[in-house]
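Engineer: Next up is a structure, given as structure tokens.
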Amino acid sequence: MRTYLVTGGAGFIGSNYIHYMLKKYQDEIRIINVDKLTYAGNLENLKGVEGRGNYTFIKADICDSGAIRRIFAEYDIDRVVHFAAESHVDRSIRDPEVFVKTNVLGTLVMLNAAKEAWELPDGTFKEGKKFLHVSTDEVYGSLEDENAYFYETTPYDPHSPYSASKASSDMLVKSYMDTYRFPANITNCSNNYGPYQFPEKLIPLIIHNALQGRKLPVYGDGKNVRDWLYVEDHAKGIDMVQEKGRLFETYNIGGHNEKQNIQIIHIILDTLQEMLPEEDPRRELVSEGLITYVEDRKGHDRRYAIAPDKIKAEIGWYPETKFEDGIRRTIQWFFEHEEWMKNVTSGDYQKYYEEMYCGK
Ligand code: NAD
Ligand code: DAU
């Protein structure tokens, strides 16, 4: 049975990936989920798989090399899928240090532990072992020309402390591949959306605020463009890269779905109006009048867009979910998980929100 070590599996994309993999492979694989459970990690995301014999959760910090080494010593890990990171750009602008610790040093710890466990005396690696580093399109910087796209060959040009830390972690993975022929891949993906996304990020924040009749904060002129990818398509892409991709390669995973932030907000408002039942009192609350332009994000990248040509040509992956369908599924999920939202937006989240948006 193949054993996967997933880091950051209690977060948004990690938990979706675990659900996807256990649904697809059932009892053919075993998953060890290693997560520190920061504010972004939530074991409620994994209720559906808890108790399965082939799923194990271990609370550990990826910066703790002793703890990570012990996990490699205890389990014969075949695949690492490394999601764990500090992931929110706004938080990185306010407090960069933890981003460098987790994203850069944490990745180094993961690389060293896997290398130590997998390396043979002659310097080659045990057959079939693979490490996949999950990264972001933000490492490529901002596209100013509206016809330009990010390719795997686009030079790195990160602007935020978050993207600089992710770029550094990518460089470390590249250096291990080049120096040691360490068996790895890097994937750089665009903005994900879907179930279990923490409401500090644009789409769940807008859904949550709109349903409560709270203001919808739009940074700057609202015309910054992101390329939205349904999270389950991303999970499938990661699996396909490990199954069919060439080792040592980078693959960009994008949604082919560019939208301005203000367009996203209008789509969410329209979809909420369509989906809420006639008698639901929240219909009264959901309105364009909630849209509020606020101060722009510092160093706000203007446009991201991935051309996922390489992954399509080599592996056959493409973004299957149309945005109209993905956003409906996401909204339906939030309708059905009010308790989840209540739990994650109590306590610390309130404090963060007040500080970040100055009570708006
Ligand atoms: P997330 O913030 O929802 O989850 C991150 C998870 O990592 C949490 O469960 C958290 O507890 C865990 N974690 C944080 N620090 C840790 C540490 N020191 N040790 C162990 N666990 C730790 O993030 P996400 O949105 O699911 O993103 C996952 C990965 O995908 C990240 O590497 C991110 O950079 C990358 N990515 C995300 C997006 C996106 O749109 N969300 C897009 C491109 C790339
Ligand atoms: O591109 C991939 C990246 O996408 C990932 O690497 C990051 O981990 C992930 O958080 C995401 O980064 P963004 O900064 O693009 O996502 P966010 O949801 O924070 O913001 C999306 C856009 O919406 C961005 O242009 C800023 C804007 N925005 C965001 C918030 C939270 C607003 O206008 N208002 C808001 O309140």
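Engineer: Roughly how tilted is helix 323-336, in degrees to the nearest 10 and between 0 and 90, from the longest Cα axis of the chain?
Structural biologist: Roughly 80 degrees between the two axes.
Engineer: For the chain, what is the mean residue ellipticity at 222 nm derived from helices alone (per DSSP H run of n ≥ 4: -39500 (n - 2.57); sum divided by total residues; nearest 500 deg cm²/dmol)?
Structural biologist: It lands at -12000 deg cm²/dmol.
Engineer: Could you list the GluC sites (Glu not before Pro) in region 86-145 that lie in coil according to DSSP, counting only those with at most 12 other Cβ atoms within 10 Å of their Cβ?
Structural biologist: E127, E144
Engineer: Compute the helix-to-body angle for 106-118: its Cα long axis versus the longest principal axis of the chain, expressed 0 to 90° and rounded to tens.
Structural biologist: 30
Engineer: Would you mind checking the pairs K130/K342; K166/K244; K101/K351; K36/K201 and listing those with alpha carbons more than 27 angstrom apart?
Structural biologist: K130/K342
Engineer: Ignoring any ligand, DNA or RNA, what whole percent of the accessible area of the chain comes from carbon and sulfur when the probe is 1.4 angstrom?
Structural biologist: The computed percentage sits at 48.
Engineer: For region 265-276, take each phi angle, set θ = phi - 60°, evaluate the Karplus expression 6.51 cos²θ - 1.76 cosθ + 1.60, and give the result in whole Hz per residue in order, putting x for glycine and proline.
Structural biologist: Whole-Hz 3J(HN,Hα) from phi for region 265-276: 5, 5, 4, 5, 4, 5, 5, 4, 4, 5, 8, 6.
Engineer: I'd like to check one number: the per residue accessible area of the chain, probe 1.4 Å, reported in Å² as a whole number.
Structural biologist: It amounts to 43 Å² per residue over the chain.
Engineer: Rounding to the nearest 20 debye, state how big the charge dipole of region 1-122 is about its Cα centre with +1 on each Lys and Arg Cβ and -1 on each Asp and Glu Cβ. All intermediate terms of the calculation are to be shown ahead of the outcome.
Structural biologist: Working: 15 positive and 17 negative charges, 59 e Å.
The calculation lands at about 280 debye.
Engineer: Using all Cα-Cα distances in region 213-258, what percent lands in each 5 angstrom bin from 0 up to the longest?
Structural biologist: In order of increasing distance, the bins hold 5, 16, 18, 16, 14, 11, 8, 7, 4, 1 percent.
Engineer: Then there is this: Let's see if you can work this out: charge +1 on each Lys and Arg Cβ, -1 on each Asp and Glu Cβ, no other charges. What is the dipole magnitude of the chain about its Cα centre, in debye to the nearest 20?
Structural biologist: Once rounded to the nearest 20, the dipole reads 660 debye.
Engineer: Could you list which residues have their amide H under 5 Å from that of A184, counting only those 5 or more apart in sequence or on another chain, with H placed in the peptide plane?
Structural biologist: Residues meeting the criterion, in which the H sits 1.01 Å from N, are F131, F248.
Engineer: Give me the compactness ratio for the chain, meaning the Cα radius of gyration over 2.2 N^0.38 Å.
Structural biologist: The reported ratio for this selection is 0.97.
Engineer: Per residue of region 90-105, in order, report the coupling 6.51 cos²θ - 1.76 cosθ + 1.60 (Karplus, θ = phi - 60°) as ³J(HN,Hα) in whole Hz, putting x for Gly and Pro.
Structural biologist: For region 90-105, the Karplus curve yields 4, 5, 5, 6, 7, 8, x, 4, 5, 5, 5, 4, 6, 6, 8, 5 Hz.
Engineer: Antiparallel as a % of all DSSP beta bridges within region 2-351, to the nearest 5?
Structural biologist: Details: 4 of 42 bridges.
The antiparallel proportion sits near 10 percent.
Engineer: Okay, moving on. Per 5 Å bin from zero, what fraction in whole % of the C-alpha pairs of region 199-277 is there, up to the bin with the longest pair?
Structural biologist: Percent of Cα pairs in each bin: 3, 12, 19, 19, 15, 11, 9, 7, 4, 1, 0.
Engineer: Can you pull the three principal axis extents for the Cα set of region 154-254, in Å, largest first?
Structural biologist: 54, 29, 19
Engineer: I would also like to ask the following. Rg over Rh of region 236-360, using C-alpha atoms and the Kirkwood radius, what does it come to?
Structural biologist: Result for region 236-360 is an Rg/Rh of 1.04.
Engineer: Could you tell me which chymotrypsin sites (Phe, Trp or Tyr not before Pro) in region 119-197 are loop residues by DSSP with no more than 16 other beta carbons within 10 angstrom of their beta carbon?
Structural biologist: Qualifying residues, ordered by number: Y151, Y156.
Engineer: Next up: Hey, got a sec? Which trypsin sites (Lys or Arg not before Pro) in region 106-168 land in a DSSP loop and have at most 16 other Cβ atoms within 10 Å?
Structural biologist: Answer by residue number: K126.
The values are calculated or read from the model by the stated rules, or taken from the named source; none is laboratory data. Everything quoted here is computed from the prediction, not taken from an experiment. Every residue, glycine as well, gets a Cβ built from its backbone with ideal geometry; the counts of neighbours run over all protein chains shown. Heads up: the accessible areas ignore ligands, DNA and RNA and are worked out on the full protein's heavy atoms, side chains in. Shrake-Rupley method; radii C 1.70, N 1.55, O 1.52, S 1.80 Å.
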